[in-house]
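One structure below.
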Amino acid sequence: MDRHLRPNKFTDRALQLLLMVQRWLPNRSVVVADSSFAVLKLLAAARDTVCIVTRPRLNAALYDPAPARASDTKGRSQLKGALQPMFTQTLASATTLWHEAMLSQWYEEGDKTVEFATGTAIWYRATLPVVPLR
């Protein structure tokens, strides 16, 4: 046994599995996963083939999309825009627009009404790929 091999990460194996399932079932493109799959490298690698629905970290730094670059500027274009409020600030804000949806057959409770807020953002961290979120 070679002791110099590094172990595979959970997210590396998950990406392999997601790509295999996408190849086997090309018409199915949405995967629902728990928060352990909310990893920038995994989401960035799978974003062109599979849509992953997961709960991001509550302290994730989310940004507005990068503004359009003027044609007469020098240097590389921006990767991100302004910083958005944290999830905890959005929850506490009185200006957050909440929507309601009815979920039928909620375990043994029957129908259940849930409230949610939605928006778009860019999840960015230095040296890692940029991932668009909704």
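The values are calculated or read from the model by the stated rules, or taken from the named source; none is laboratory data. Every value quoted in this text rests on a predicted model; they were computed, and no experiment measured them. Positions of Cβ are backbone-derived with ideal geometry, glycine not excepted, and every protein chain shown enters the neighbour counts.
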Matching strands (runs of 3 or more DSSP E) fully within the range 54-128 where at least 3 residues are aliphatic (A, V, I, L, M): 99-103
Residue within the range 16-27 that is part of a loop (DSSP other than H, G, I, E, B), under 18 Å from Trp123 (Cβ atoms), outside the structural domain of Ile122 (by TED's automatic domain parsing) and not acidic (Asp, Glu) present: no
Residue check for Ser36: over 21 Å from Leu128 (Cβ atoms), under 18 Å from the mean Cα position of the chain (by Cα) and in contact (Cβ under 8 Å) with a residue 12 or more places away in the chain: no
Per-region count, the range 90-105, residues over 23 Å from the mean Cα position of the chain (by Cα) and closer than 29 Å to Ala60 by Cα: 3
Leading residue by the ranking (nearest to the chain's Cα centre (by Cα)) among those in the range 106-116 that are surrounded by 10 or more Cβ atoms within 10 Å (Cβ to Cβ) and at pLDDT 90 or above: Val114
